[in-house]
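Engineer: One structure follows; several queries about it will come next.
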Amino acid sequence: MAHEKAGNATGARAARSGAVAATEHAARVAERHGFGAHRATRALGGGDVGCAGFGAGVVLLAPGIGLTAGSHGTAVTALGAAFLALAVALPLAALRHERHRDGRLPRMHAFDGGLVLTGRDEAVAHPWRDIRVVERAETTTVGQGGNRMTVQRIRFQHVGGQVLCSMASDATAVEIARVALAGGAHT
């Protein structure tokens, strides 16, 4: 069997920091599989909700002030007040979301003998001998001008072809790839 799923999270785990709880959960799963020492952990996603919330707040602030400060009718003043309320509420909601998203992020935990992928409620273990490490360049079009950007990525996939995760080729990803190859992963 290529992988084994672990049970659901407990209430104690959900109460702790998401990153710490995920690492502890991954360590328990890795220990059951005999994966050895922990080498690295990498978050696999996230988002910029905080930046978007603050950006929307800043954008709504000026029209809110302009519509409430002018001598407009009741409907226009009410719209301005709504913009001002959103300018305050959106950043606060974004901060709250960012504070609680840590436990929802999927993570890859690399150990000497394999990797453990943790998600919201489960952990999946894969020994390195069942993993293929693929380094590739991905080119995408950015912006309206059609500029092209090439990014080096490292993909970890099951030898059968299923992609388990992919990440930008930074220092952490390169270290995980070294651990994988030393542990018996394929190229």
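Engineer: Could you grab me the full set of residues in segment 168-179 that are assigned to a helix (DSSP H, G or I) and either aliphatic (A, V, I, L, M) or at positive phi (or both)?
Structural biologist: If the condition is that a residue be assigned to a helix (DSSP H, G or I) and either aliphatic (A, V, I, L, M) or at positive phi (or both), then Ala171, Ala173, Val174, Ile176, Ala177, Val179 are the ones that fit.
Engineer: Within segment 38-66, can you find the residues that are open to solvent by less than 40 Å² (accessible area, probe 1.4 Å) and either of a type in the set (A, V, I, L, M) or at positive phi (or both)?
Structural biologist: Ala40, Ala56, Leu60
Engineer: Would you confirm whether or not segment 107-130 contains a residue that is of a type in the set (Asp, Glu) and either open to solvent by less than 40 Å² (accessible area, probe 1.4 Å) or under 30 Å from Thr68 (Cα atoms) (or both)?
Structural biologist: Yes, the conditions are met somewhere in segment 107-130.
Engineer: Sticking with this one: Right, Ala182: of a type in the set (Gly, Ala, Ser), more than 21 Å from the chain's Cα centre (by Cα) and open to solvent by 50 Å² or more (accessible area, probe 1.4 Å) or not?
Structural biologist: yes
Engineer: Right, another one. Identify all residues within segment 131-152 that are over 12 Å from Ala168 (Cβ atoms) and surrounded by fewer than 14 Cβ atoms within 10 Å (Cβ to Cβ); write none if there are none.
Structural biologist: Taking segment 131-152 as the starting set, the residues that turn out to be over 12 Å from Ala168 (Cβ atoms) are 131-134, 139-148.
Listed by number, the residues that qualify are Thr139, Thr140, Thr141, Val142, Gly143, Gln144, Gly145, Gly146, Asn147, Arg148.
Engineer: Here's a follow-up. Applying the selection to segment 168-179, what residues are open to solvent by 40 Å² or more (accessible area, probe 1.4 Å) and in contact (Cβ under 8 Å) with a residue 60 or more places away in the chain?
Structural biologist: The answer is Thr172, Glu175.
Engineer: A further question on this structure: For residues in segment 101-146 being among the polar types (S, T, N, Q) and in contact with a strand residue (DSSP E or B) (Cβ under 7 Å, 6 or more places away or on another chain), which is farthest from Ala182 (Cα to Cα)?
Structural biologist: Only one residue tops the list, namely Thr141.
The values are calculated or read from the model by the stated rules, or taken from the named source; none is laboratory data. Since we're looking at a predicted model, the values are computed, not measured. Virtual Cβ from ideal backbone geometry, glycine too; neighbours counted across all protein chains shown. With ligands, DNA and RNA removed, areas are computed over all heavy atoms of the protein, side chains included. Shrake-Rupley method; radii C 1.70, N 1.55, O 1.52, S 1.80 Å.
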